[in-house]
1. Please give the peptides 34-41, 117-124 ranked by average Cβ packing (other Cβ atoms within 10 Å per residue), highest first, as a rough proxy for protection.
2. Tally Lys/Arg at +1 and Asp/Glu at -1 over every other residue whose Cβ is under 14 Å from the Cβ of Thr52; what's the total?
3. Count neighbours as other Cβ atoms within 10 Å of each site's Cβ, and list the trypsin sites (Lys or Arg not before Pro) in segment 90-137 that are DSSP loop with at most 10 such neighbours.
Amino acid sequence: MTPQTQAPSPLAPESHAATAVLHVAERLYSMNPEWVVFFREVLGVEGIVRRTFSEPDALLRFECSPHYARIREMLDSLRVRQQERPTERETQRVVTVRMPRSLHETLKAEADQMRVSINTLCISKLMKLLDEQAQRDLTGLRGGFDPAPEPAASRSRLARAK
């Protein structure tokens, strides 16, 4: 009998790419960078993840992988280690947010209770919101349907916020 050869999986190139991206992230993580540097270089708009997985479907499949989960763990670990240490390598940007006094007081109380600054609390909440949005997008991909488009009013408010 001749040995049977299996056709390579259509995901095999993506699997190799995911492994390569994880190795790059692990090497950077081992250098103990600032969390914002790690985020920018690995997960940022011009980071290795988006350069490697430039197609939206490929990016979503990667974000479902254990490789991506490990990268998120590394990012979370760096953020915990460096919560109060100011960033030296990345230029900081300032965003002014107008909000009702009651919301500000609520955020201040929560930040005080957690013993962090309001800024740190807000960044954590924004990161969580981005993660939740990514999870909703992934759920839509797994379910075989596209997530509902964002209402035009929300898009215009987001565009003005930038």
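1. Result, highest mean first: 34-41, 117-124.
2. Surrounding charge for Thr52 is -3.
3. Those that pass, being in a loop and sparsely packed, are Arg93, Arg98, Arg115.
Bear in mind these aren't lab numbers, they're just calculated from the coordinates by the rules spelled out. This one's a predicted model, so the numbers in the text were calculated from it and none came from an experiment. All Cβ positions, even for glycine, are placed from backbone atoms using ideal geometry, and neighbour counts span all protein chains on display.
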